[in-house]
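Here's the structure we're looking at; comments come further down.
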Amino acid sequence: MPSPKILFIGGTGTISAASSRLAIERGYELTILNRGATSLRPAPEGAELLRADVRDPAAVREALGNREFDVVADFVAFTPEQVQADIDLFDGRTGQYVFISSASAYQKPVGRLPITESTPLRNPFWQYSRDKIAGEDLLVEAYRDRGFPATIVRPSHTYDATSLILNGGWTTMDRMLRGEPIVLHGDGTSLWVLTHTRDFAKAFVGLLGHPQAIGDVFQITSDEVLNWNQIAGLFADAAGVEAKIVHVTSDAIAAADPEMGPGHLGDRTHSVIFDNSKVKALVPDYAATTPFAAGAREIVDWYDANPSEKKVDPKLNAFFDGLIAAAG
């Protein structure tokens, strides 16, 4: 039996790189289409690489020619226009199209926990989430109207060794290492779920080519639930320091920084707990096995091994100092 032909659009990002490696390990015939820009995560050996700007439909069509695939997964479709371009391009050319949506699309505030795939979608705070919802709507309509073979996947906060989790990136980590206070939203007790990309890949690759996944939606997260105080504490433990935390309301953060605010008001502020029983029914061996205590150590070790990535933003430092001063 020939190996399934898989196309990943993107394929070297935080979420997708581990799935690319696992697809190769499982013997899939993987093609990765992206711009070929420098990445912290190189494409795995054995994958075919195609170069094109995915935002240029003519360039993508030229790169792909008349090829067909058993599965197409787009990791970099963020707007309904981009999803529609995929529908137009791959209708009749793939047995399954996988859209990576977002768990941030669920209603905010969440009416009931745990969150399941049937939890309503509505996020009035964050345009990113509304665009993902609009993309889902297009795929549901295409599936219902003409059988376009869509599968929708909703990850929550997925990370790898390069991901610093806390807002502010290495600037925040540097503050912690220097004994300076860091900012956490609210009182730090809202619940959050962090999923290592290696764990996400187990469920995601298990859905590829699965006939029962067509026309359906699946969330893929860890079952570990932490609050933000615990997350900061695990980072501090991994770095061998103490986390000095100043709590600032999400409203105050949003008022001070309109770019940072929507991600707080539309996502991080709200407690989440996810029920993964649906994806486990189709991928019975799926289990997230990387606790964040281990993930935090992996992140700290990666930055110690890559000191050129330890980039501190003076403006961001000043912003945090202002929030801390205002908090009294």
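FYI, it's all coordinate maths here, none of it is from the lab. Computed from a predicted model, the values in this text were never measured in an experiment. Cβ: placed from backbone, ideal geometry, glycine included. Neighbour counts: every protein chain shown.
Some points to look at:
- Working note: Karplus 6.51/-1.76/1.60 with θ = phi - 60° gives segment 112-124 the couplings 7, 10, x, 6, 10, 5, 8, 4, x, 9, 5, 9, x Hz, where Gly and Pro are set to x.
- FRET efficiency, 1/(1 + (r/R0)^6) with R0 25 Å, evaluated for D313 and D187 via beta carbons: 0.45
- Simple label model, 7 Å out from Cα along Cβ direction - R35 to D285, nm: 3.7 nm
- Sorted by Cβ neighbour density within 10 Å, fewest at the top, the residues D86, D251: D251, D86
- D199, D223, D285 arranged by Cβ crowding within 10 Å, fewest neighbours leading: D285, D223, D199
- On the principal axes of its alpha carbon atoms, segment 174-218 extends 52, 21, 11 Å, with the longest extent given first.
- For q = 0.06, 0.08 Å⁻¹, Debye-computed log10 I/I(0) when each Cα of the chain counts as one equal scatterer: -0.21, -0.38
- Cα-centre dipole for the chain with unit charges at Cβ (Lys and Arg positive, Asp and Glu negative), debye to 20: 120 debye
- Only lysine pairs 8 or more places apart or on separate chains count here, and in the chain those with Cα atoms under 19 Å apart total 4.
- Contact order relative to length of the chain, as percent, for alpha carbon pairs under 8 angstrom and 6 or more apart: 18 percent
- Amide H contacts under 5 Å for V217, placed H, 5+ residues apart: I152
- Residue by residue, segment 233-241 carries 3J(HN,Hα) couplings of x, 5, 4, 4, 4, 5, 8, x, 10 Hz when phi is fed to the Karplus relation 6.51 cos²θ - 1.76 cosθ + 1.60 (θ = phi - 60°); x denotes Gly or Pro.
- Relative contact order of segment 5-49, taken over Cα pairs closer than 8 Å and 6 or more residues apart, is 45 percent.
- Cut-off 12 Å, label 7 Å out along Cα→Cβ of W302, residues of segment 8-49 by amide N: 13-18, 40-42
- The trypsin sites (Lys or Arg not before Pro) found in segment 230-328 that occupy coil by DSSP, while having at most 16 further C-beta atoms within 10 Å, are K244, K310, K311.
- Of the GluC sites (Glu not before Pro) in segment 1-107, those whose Cβ has at most 11 other Cβ within 10 Å and which sit in DSSP loop: E45
- Segment T79-V241, extension gain: residue separation times 0.36 nm, minus the distance between their alpha carbons: 54.3 nm
- Here the chain carries DSSP beta bridges of which approximately 10% are antiparallel, counting only pairs with both residues inside.
- Among the GluC sites (Glu not before Pro) found in segment 234-328, those both in a DSSP coil and sparsely packed, with 13 or fewer other Cβ atoms within 10 Å of their Cβ, are E242, E259.
- Distance between modelled label sites at D137 and Q212, nm, 7 Å Cα→Cβ extension: 3.1 nm
- Mean residue ellipticity, 222 nm, helices only, the chain: the sum of -39500 (n - 2.57) across DSSP H runs of n ≥ 4, divided by residue count and rounded to 500, is -11000 deg cm²/dmol.
- Potential extension, A326-S118 segment - 0.36 nm per residue separation minus Cα distance: 70.8 nm
- For the pair E68 and A252, the difference between a 0.36 nm per residue extended length and the Cα-Cα distance amounts to 61.2 nm.
- Of interest is the spacing of the C-alpha centroids, which for segment 170-212 and segment 261-328 amounts to 4 Å.
- Tail fraction, Cα-Cα pairs, segment 240-328, threshold 14 Å, whole percent: 79 percent
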